[in-house]
1. Failed condition for ALA55, given (1) within 18 Å of the chain's Cα centre (by Cα); (2) hydrophobic (A, V, I, L, M, F, W, C); (3) open to solvent by less than 80 Å² (accessible area, probe 1.4 Å); (4) at pLDDT below 95, with all others met?
2. Quick one: is LEU105 open to solvent by less than 70 Å² (accessible area, probe 1.4 Å) and touching a Leu at 6+ places or on another chain (Cβ under 6 Å)?
3. Please specify each residue of region 96-125 satisfying the condition of being under 13 Å from the mean Cα position of the chain (by Cα), closer than 15 Å to ILE81 by Cα and among the acidic types (Asp, Glu).
4. Would you be able to tell me the number of residues in region 52-71 that are out of contact with any Phe, Trp or Tyr (no Cβ under 7 Å at 6 or more places or on another chain) and of a type in the set (D, E, K, R)?
5. So, in region 66-82, how many residues would count as being open to solvent by less than 40 Å² (accessible area, probe 1.4 Å) and either within 19 Å of THR56 (Cα to Cα) or at pLDDT below 95 (or both)?
Amino acid sequence: MDVRPIKTEADYDWALAEIVRYFETQPAPGTPEADRFDVLAALIEGYESQHWVIATPDPVEAIKSYMVTFGKTQGDFAALIGSRSRASEVLNKHRRLTLDMVHLLNQRWRLPADMLVAPYHLAQVKPKAAPKRGKRAA
């Protein structure tokens with residue numbers, strides 16, 4: 001079958017060059033070519049998952065990235081979830097996404113729900129100082 005393990009970048013480059021040709025010819029299922037494609041794809045996927053781990057962004061960072069990519073504003077986000085103050089609180093990590101917000105983001109903006117429900121830390125809010133008490137006039 002002329003396939004070898006991918007241990008180095010050179011092996012990886014070789015595997016990529018080998019698999020590219022199958023994108024144009026699309027071998028029929030059950031043929032030796034289709035089997036070779038499947039083996040190469042598995043080897044490439046395994047190598048990439050070990051050497052190029054891509055961290056999943058937290059839900060708020062994913063929303064912000066989507067907004068930048070697609071030209072959405074905080075106002076657009078507010079219109080989607082129903083409140084400007086709530087949008088600000090979510091984007092500043094002072095409020096968690098609710099299940100309803102996740103559903104809307106998934107349905108309207110097509111953001112993956114599994115990414116939106118991932119745990120993330122809220123920003124620490126500094127407590128407001130108590131008002132100073134002045135002396136009362138007698």
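1. (3)
2. Values: open to solvent by less than 70 Å² (accessible area, probe 1.4 Å): yes; touching a Leu at 6+ places or on another chain (Cβ under 6 Å): yes.
Considered against the rule, which asks whether it is open to solvent by less than 70 Å² (accessible area, probe 1.4 Å) and touching a Leu at 6+ places or on another chain (Cβ under 6 Å), LEU105 comes out as yes.
3. Matches in region 96-125: none.
4. 2
5. 2
The values are calculated or read from the model by the stated rules, or taken from the named source; none is laboratory data. Computed from a predicted structure; not experimentally measured. Note: ideal-geometry Cβ built from the backbone for every residue, glycine included; neighbour counts use all protein chains shown. Areas reflect the complete protein model, heavy atoms only, side chains present, ligands, DNA and RNA absent. Shrake-Rupley method; radii C 1.70, N 1.55, O 1.52, S 1.80 Å.
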